[in-house]
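Read through the structure below, which is laid out as structure tokens, and then see the notes.
The values are calculated or read from the model by the stated rules, or taken from the named source; none is laboratory data. The structure displayed is predicted, hence computed values, not measured ones. Every residue, glycine as well, gets a Cβ built from its backbone with ideal geometry; the counts of neighbours run over all protein chains shown.
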Amino acid sequence: MVLVTGATGTVGREVVRRLPAHVRVRVMARDPAKVTGVSPAVERVAGDYGDPRSLARAVAGVRTAFLVTTRVGGDDDARFVRAAHLAGVQRVVKLSAAAVLDWQADDLITRWQRAGEELLRACGMEWTLLRPRAFMSNSLAWAASVRCERTVRALYGTSASACVDPGDIAEVAVRALTEQGHAGRAYTLTGPQALTAVGQTQQLGRLLGVRLRFEELSRSQARAGLLRRYPAPVVEALLQSAERQRAGAKARVEDTVAAVTGRPARSFRGWAGEHLEAFAPAVEEPGTQVPGSCVQHARSARPRRTDRSEGT
């Protein structure tokens, strides 16, 4: 039995989709009804890291587990590992982050991820660590402004990151969950090249067949936009992360995806080509009004121009 936590998230749902049909799969979610688009054979269980009884039910009979935690600074990793160890789980594959390898990175998020990794190494079970760079899907944060204004706004538009397709992360996770030879391994996962937000904007524009503008956010504008989505301590950690990217800390490309899966990591162009519908600009015909969602977006975003940032 393979247990997938975070099955409604960006990577978790891709892991569920890619697991072989012959593998028994259980997914854990606070609200199992939100786990959609999966095979009827997939077992859904309600589970919460803060509820030991629900965790015990989720890990019962499980051989390998995919662990995703998102409560920065919390003890969800420790709670899950404790329950998994008691239940006899053999291996845990944890979604971490590439920043843990950069010892100049001392922000809240990176410290929390390092602590989670250290806990897993000492847990007595087999473990595998997945350390991705920023997800290509983070660019979906630009979708509304691309659709409505044909504009991308981001902080430090010429700083590069070797961003990775979440599907590639999921493919490596599936190998680690279902194959031998991955225990005790830590995999740094990147795309095939380092890209800037300006470069991503250009590629999106070519794929869409429209001219997209890029507008650089100031640090204060980026902070204001992030504060609409995250707690202040997390926002400061994200801004510190952006500064490290600006200094070149995230541009290194690794061949790990190819080494594990046997095929090259997918490009941003390939990922974007499969998600163009999210970015397709609204067409304003002569004599018609811009769709209401675009009007609302423009009214809320333009005064301070802080509507979007990468959030990485």
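Just one of the listed residues (Thr201, Thr188) is touching a residue at least 24 places away in the same chain (Cβ under 8 Å), within 30 Å of Phe214 (Cβ to Cβ) and in a strand (DSSP E or B), namely Thr188. Pairs meeting the criteria (first residue in the range 131-148 and closer than 20 Å to Glu171 by Cβ, second residue of a type in the set (Asp, Glu), beta carbons under 7 Å, at least 6 apart or on different chains) are Met136/Asp165; Asn138/Glu310.
Is it the case that the range 63-84 has a residue that's among the small types (Gly, Ala, Ser) and touching a His at 6+ places or on another chain (Cβ under 9 Å)?
Looking through the range 63-84, none of the residues is among the small types (Gly, Ala, Ser) and touching a His at 6+ places or on another chain (Cβ under 9 Å).
Quick test for you: out of Val260, Val235, Val172, Val210, pick the one residue that is assigned to a loop (DSSP other than H, G, I, E, B) and of a type outside the set (D, E, K, R).
Matching residue, one of Val260, Val235, Val172, Val210: Val210.
Figure legend. Inter-residue proximity from the range 235-264: first residues farther than 22 Å from Gln221 by Cα, second residues in a helix (DSSP H, G or I) and of a type in the set (Gly, Ala, Ser), beta-carbon distance below 7 Å, spacing 6+ or different chains. Indicated pairs: Pro264/Ala258.
A single member of Ser96, Ser137, Ser145 is of a type in the set (Gly, Ala, Ser) and within 18 Å of Arg71 (Cα to Cα), and it is Ser96. For first residues located in the range 104-120 and buried (at least 20 other Cβ atoms within 10 Å of the Cβ), partners that are among the basic types (Lys, Arg) and at pLDDT 95 or above and lie 6+ apart or on another chain with Cβ distances below 8 Å form the pairs Ala105/Arg244; Gly116/Lys94; Leu120/Lys94.
Going through Thr178, Thr158, Thr70 one at a time, which residue ends up being within 23 Å of Pro231 (Cβ to Cβ), surrounded by fewer than 21 Cβ atoms within 10 Å (Cβ to Cβ) and not aliphatic (A, V, I, L, M)?
Thr70
Scanning the range 23-47 for residues that are of a type outside the set (A, V, I, L, M) and either closer than 13 Å to Val4 by Cα or over 24 Å from the mean Cα position of the chain (by Cα) (or both) yields a total of 8. If you go through the range 149-191 and keep only what is touching a His at 6+ places or on another chain (Cβ under 8 Å) and small (Gly, Ala, Ser), you end up with just Ala176.
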